Amino acid sequence: MSETVLTNWINPLGTLLNAPGGIRIGDALKQAAANLELIREPCLEELDQRIGQLDALSSEHGAQPDDAVKLEMYQISNDIHAVAGVVALADLSAAAFSLCELIDRLRGKQAWNKPAIDVHIASLHLLRSSSDEDRTSIVDNLYRLIDSVAPIASKPDVKKQAHASSSDASRSA
C-alpha cells in the first residue's frame with residue numbers, strides 16, 4: 001500500500017497580496033478592470049473577425065465540410081466563447097459555446113446540419129451587432145435547436161455548462 005504525501009501549495013497571488021507593500025485586493029481588481037478596458041477594442045475586433053471566418057467557412061464548404069473544416073469551426077467558436085467571456089459579453093460567449101456543442105454533437109454522429117450551423121453564426125452576428133434585442137431568448141432558442149437537431153441519450157444541461165464555464169473563468173481571473 002502506498003503512503004499518502006501531502007504537499008503544501010503556495011498561491012503566488014496570495015503571497016503577493018500578503019507581502020509588505022503588496023497591493024490591496026480592491027486596488028488589484030481596479031487595475032485588472034483598467035487593463036481589460038485597454039484590450040477591449042482589439043478583442044471586439046477579433047470577435048468580429050472570427051465570426052466572419054465562421055461565416056466564410058460555412059459558405060465555402062457547403063453542406064458537408066470535411067473533418068478539418070469542422071474542427072477549425074469548432075476551434076474558432078471556442079475562441080469566440082473565450083474572448084467574449086473576457087470582455088463580459090456573456091450572451092455571445094454562451095452562443096459560441098452552443099455552437100461548439102452543436103459541432104461536437106454532429107461530429108460525434110458523423111453528421112452535419114448546415115442550416116443549424118448557419119442559424120448559430122447568424123445569431124453570433126446579431127448578438128455582436130445589437131444591444132437591445134432579447135439576448136437571453138436568442139441563446140435559449142439556440143439550445144433548443146441543438147436538442148432538436150442533435151439530441152443525445154443522456155443529455156447534459158448545456159446552458160448550465162456554458163454559464164458554469166463563464167463563472168469558472170471569472171473566479172480564476
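Cβ-Cβ contacts under 7 Å between residues 6 or more apart (or on different chains), taken from a first residue in region 107-125 that is under 11 Å from SER58 (Cβ atoms) to a second residue that is among the acidic types (Asp, Glu) and in a helix (DSSP H, G or I), are listed as ILE121/ASP55. In the condition set (1) in contact (Cβ under 8 Å) with a residue 40 or more places away in the chain; (2) part of a helix (DSSP H, G or I); (3) surrounded by fewer than 13 Cβ atoms within 10 Å (Cβ to Cβ), ALA63 is compliant with all but (2). Within region 33-40, one or more residues are surrounded by 12 or more Cβ atoms within 10 Å (Cβ to Cβ) and under 20 Å from SER129 (Cα atoms). For region 66-116, taking the residues that are in a helix (DSSP H, G or I) and of a type in the set (Phe, Trp, Tyr), the one that is surrounded by the fewest Cβ atoms within 10 Å (Cβ to Cβ) is identified as TYR74.
Each residue in region 81-126 was checked for being touching a helix residue (DSSP H, G or I) at 6+ places or on another chain (Cβ under 6 Å) and closer than 19 Å to PRO42 by Cβ, and 9 of them qualify.
All of the numbers you see were taken from the coordinates with simple rules; none came from a lab. Quick caveat, the model's predicted, so the values are computed rather than measured. Note that we place each Cβ from the backbone using ideal geometry, even for glycine, and neighbour counts take in every protein chain shown.
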